[in-house]
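What follows is one structure encoded as structure tokens, with my remarks underneath.
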């Protein structure tokens, strides 16, 4: 199963997914997208926390939508405020 690398720091959350080391996708969610964002690093952890998450779980965690009423791609919706709680 494909995994995404997640880095959480004081500036936001970054996701990176690679496909066969030839294609890479990156997404950065700035802190302004969240209703609340409190990053409390462990002692000595200044660059942020990094972990891997299964890509399928990541896809169902963040909602997405599109308009099926016409053939072309829908305009991007205004970004909703996210609340993400990781335990």
Looking at segment 35-50, is at least one residue at pLDDT 80 or above and in contact with a helix residue (DSSP H, G or I) (Cβ under 7 Å, 6 or more places away or on another chain)? yes
Tell me, yes or no, whether segment 13-30 has at least one residue that is farther than 21 Å from residue 2 by Cα, surrounded by 11 or more Cβ atoms within 10 Å (Cβ to Cβ) and either at pLDDT 85 or above or in contact with a helix residue (DSSP H, G or I) (Cβ under 7 Å, 6 or more places away or on another chain) (or both). yes
Need a quick list: strands (runs of 3 or more DSSP E) entirely within segment 1-45 having at least 3 residues that are closer than 15 Å to residue 61 by Cα, within 15 Å of the chain's Cα centre (by Cα) and in contact (Cβ under 8 Å) with a residue 12 or more places away in the chain. 3-9, 12-19
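The values are calculated or read from the model by the stated rules, or taken from the named source; none is laboratory data. Keep in mind that this is a model prediction, so the values were computed, not measured. No Cβ is skipped: glycine too gets one built from the backbone with ideal geometry, and neighbour counts run over all protein chains shown.
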